[in-house]
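Trainee: Starting off with a structure, shown below.
No lab work stands behind these numbers, since they all come straight from the coordinates. Keep in mind the model is a prediction, meaning the values are calculated, not measured. For neighbour counting, all protein chains shown are included, and Cβ atoms are generated from backbone atoms with ideal geometry for every residue, glycine included.
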Amino acid sequence: MLHFSAPEPYILWLTGAGMLIALVAWLPLALKKLPLSLPIICIGIGAAVFSIPAVTLRPMPLDYPDITERFTEFVVIIALMGAGLKLDRSFSWRRWGVTWRLLIVTMPISIVAITAIGGWGLGLALGGGAAAGREPGADRSRAGRRCAGGAAQDGRGR
């Protein structure tokens, strides 16, 4: 009878990174004719992995606020870089008409709608980051946070 031991975390990280690189390289080619995108597939894979009973890690953003903040910043930077690399049209006011409408009309409407949903629908504090005067990377140990129940939390999610 063979006995298998758990692989080292380093090997798991390398395997995951390799699979992610292969996914990013090949999946868009395979999904060209389907109404799916790479982010939808990645969310599905994440849901499948974290629904396996043997996986004990539960990625709860409120439990790890610093990691969550850094990771979301990283994801936004990568997404903006990817969007910027896909811009292949030369600049002219006429060619960028749709883009200007998105920026001037759709973006403010989306910001107001998300703020309304977060503030009134979910009971989140409106403008909490601006009111605290917090800069990225500043010490959050003194700045209190509010959770959905209204109880104050420190920077470590307590």
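Trainee: Restricting to DSSP loop positions (anything but H, G, I, E, B) with no more than 13 other Cβ atoms inside 10 Å of their own Cβ, which chymotrypsin sites (Phe, Trp or Tyr not before Pro) remain in region 1-56? Present the calculation step by step, with values, prior to reporting the outcome.
Mentor: Working: sites: 4, 10, 13, 26, 50; in loops: 4.
Taking region 1-56 and a limit of 13 other Cβ atoms within 10 Å, the loop chymotrypsin sites (Phe, Trp or Tyr not before Pro) found are 4.
Trainee: Report ³J(HN,Hα) in whole Hz for each residue of region 61-70, in order, from the Karplus equation J = 6.51 cos²θ - 1.76 cosθ + 1.60 where θ = phi - 60°; Gly and Pro get x.
Mentor: The phi angles translate into x, 6, 6, 10, x, 5, 5, 4, 5, 5 Hz.
Trainee: If r is the Cβ-Cβ distance from residue 66 to residue 22 and R0 is 30 Å, what FRET efficiency results, to the nearest 0.05?
Mentor: That gives a FRET efficiency of 0.50.
Trainee: I'd like the Karplus ³J(HN,Hα) series for region 98-114: coefficients 6.51, -1.76, 1.60, θ = phi - 60°, whole numbers in Hz, and an x wherever there's a Gly or Pro.
Mentor: 5, 4, 5, 5, 4, 6, 8, 9, 5, 5, x, 5, 5, 4, 5, 5, 5
Trainee: Taking the Cβ-Cβ separation of residue 13 and residue 34 as r and a Förster radius of 35 Å, what is the calculated FRET efficiency to the nearest 0.05?
Mentor: Calculated transfer efficiency: 0.75.
Trainee: Which trypsin sites (Lys or Arg not before Pro) in region 11-109 sit in a loop by DSSP (not H, G, I, E or B) and have at most 14 other Cβ atoms within 10 Å of their own Cβ?
Mentor: Passing both the DSSP loop test and the Cβ count: 32, 33, 89, 94, 95.
Trainee: Expressed in nm to one decimal, what extension gain is obtained for the pair residue 107 and residue 45 from 0.36 nm per residue of sequence separation less their Cα-Cα distance?
Mentor: Taking 0.36 nm per residue and subtracting the Cα distance, the gain is 19.4 nm.
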